[in-house]
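Note sheet for the following structure.
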Amino acid sequence: MSEALLELRGFTVCYGPVEALHQVDLTVQQGEIVTVIGPNGAGKSTLLNATMGLLPSSGTLTLAGRTIARPSVETMVASRVGLVPEKRELFGEMSVEDNLLLGGFSRWRRGQRDQAERMQEVFGLFPRLQERRAQLAATLSGGERQMLAIGRALMARPQLLMLDEPSLGLAPLIVREVLHIVSSLRDLGVSVLLIEQNARAALQVADRAYVLEMGAVALSGDAGELMTDRRVIETYLGVGGQKAA
Ligand code: ATP
């Protein structure tokens, strides 16, 4: 097996006296797509936000063999970790192109002037963004906004991209399109940690999966195998899950 890209051990996050994540162990190998599924309030967003350094955590976080003692957004961005938050956080009054350029700003500041090349890479993945490069982000459709949010994160050339519910609020056909693109990120050398409510769609694109319940890992394993797990079918895939699996 290749070297682990992200390794969390005993990862714990508290909101005041309330423990939202309890001793989570999670690994993303180089080139892997890993999904975390689980019910509302299980701690999925908390896991991504704390990994990105947006929330304080305890336990250990290792990135490509290097332990990061106190993850902060600055350290994580410099370590080429990206997060597409659930709220997308685009600049609505700016064009598609300017939103993308902002995504590449941290590289530009470090003297890496490859933004034009990166943008072509993003347009290769999302031709629709190229057609709409001059359009204001606020006027994009939900699916296009999600594509722009992913594209903007890719401008920073992450080695690990964390996606918080990319399918939220999207029509089924668009969900499939977005997740298909997520699966193609591997070819760009990007590993993915994907949070999803849509367990079936997530398990279909992922290599491995974790089931998070009440802040702790309840199950983990090969995504294909979890799709045939009776408890996963009953709880997360619902009627028809067995057939699909
Ligand atoms: P969802 O799918 O509904 O987004 P989730 O699995 O992403 O859920 P989190 O948003 O990580 O879950 O929340 C985990 C727990 O932490 C919940 O009980 C939530 O109420 C609590 N929580 C989240 N943010 C805060 C906060 N800022 N202050 C206090 N508690 C919080």
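The values are calculated or read from the model by the stated rules, or taken from the named source; none is laboratory data. This structure is a prediction, so every number in the text was calculated from the model and none was measured. Note that we place each Cβ from the backbone using ideal geometry, even for glycine, and neighbour counts take in every protein chain shown. For the accessible areas, the whole protein counts, side chains as well, though only heavy atoms, and no ligand, DNA or RNA atoms are used. Shrake-Rupley method; radii C 1.70, N 1.55, O 1.52, S 1.80 Å.
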| Restricting attention to segment 23-44, which residues are crowded, with 17+ Cβ neighbours inside 10 Å and within 12 Å of the ligand (Cβ to nearest atom)? | V24, V36, I37, G38, A42, G43, K44
| task | Using the structure shown, decide if G142 is under 21 Å from L170 (Cβ atoms) and modelled with pLDDT under 90. | result | yes
| What are the pairs, 6+ residues apart or on separate chains, where a residue within segment 86-107 that is farther than 16 Å from E121 by Cα has its Cβ under 6 Å from a residue that is open to solvent by less than 70 Å² (accessible area, probe 1.4 Å) and within 16 Å of the ligand (Cβ to nearest atom)? | E86/D164; E86/E165
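A quick yes/no check of all residues on (1) over 13 Å from the mean Cα position of the chain (by Cα); (2) closer than 19 Å to L203 by Cβ; (3) at pLDDT below 95:
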site: G31; (1), (2), (3): yes, yes, yes
site: G41; (1), (2), (3): yes, no, yes
site: L48; (1), (2), (3): no, yes, no
site: T51; (1), (2), (3): no, no, no
site: A69; (1), (2), (3): yes, no, yes
| query | So which pairs qualify, if the first residue must be in segment 135-154 and in a loop (DSSP other than H, G, I, E, B), the second must be open to solvent by 10 Å² or more (accessible area, probe 1.4 Å) and among the polar types (S, T, N, Q), the Cβ gap must be under 7 Å, and the two must be at least 6 apart or on different chains? | reply | Q135/S95
| message | Suppose we keep only residues that are loosely packed, with under 14 Cβ neighbours inside 10 Å and within 19 Å of the chain's Cα centre (by Cα) within segment 85-116. Which one would you say is modelled with the highest pLDDT? | response | E89
| Looking at segment 53-65, is at least one residue open to solvent by 30 Å² or more (accessible area, probe 1.4 Å), within 16 Å of the ligand (Cβ to nearest atom), polar (S, T, N, Q) and touching a helix residue (DSSP H, G or I) at 6+ places or on another chain (Cβ under 8 Å)? | yes
| note | Note on V81: of the conditions (1) within 16 Å of the ligand (Cβ to nearest atom); (2) open to solvent by less than 30 Å² (accessible area, probe 1.4 Å), unmet is (1)
| query | Of the residues that make up segment 2-13, is at least one farther than 25 Å from T235 by Cα, more than 16 Å from the ligand (Cβ to nearest atom), aliphatic (A, V, I, L, M) and open to solvent by 10 Å² or more (accessible area, probe 1.4 Å)? | reply | yes
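Residue-by-condition table, conditions (1) assigned by TED's automatic domain parsing to the domain that holds V34; (2) in a helix (DSSP H, G or I); (3) surrounded by fewer than 18 Cβ atoms within 10 Å (Cβ to Cβ):
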{"site": "R118", "(1), (2), (3)": "no, yes, no"}
{"site": "Q130", "(1), (2), (3)": "no, yes, yes"}
{"site": "L168", "(1), (2), (3)": "yes, no, yes"}
{"site": "V178", "(1), (2), (3)": "yes, yes, no"}
{"site": "V182", "(1), (2), (3)": "yes, yes, no"}
| field | Scope segment 161-215; condition of a type in the set (D, E), in contact with a helix residue (DSSP H, G or I) (Cβ under 9 Å, 6 or more places away or on another chain) and more than 16 Å from the ligand (Cβ to nearest atom); matching residues | value | E177, D207
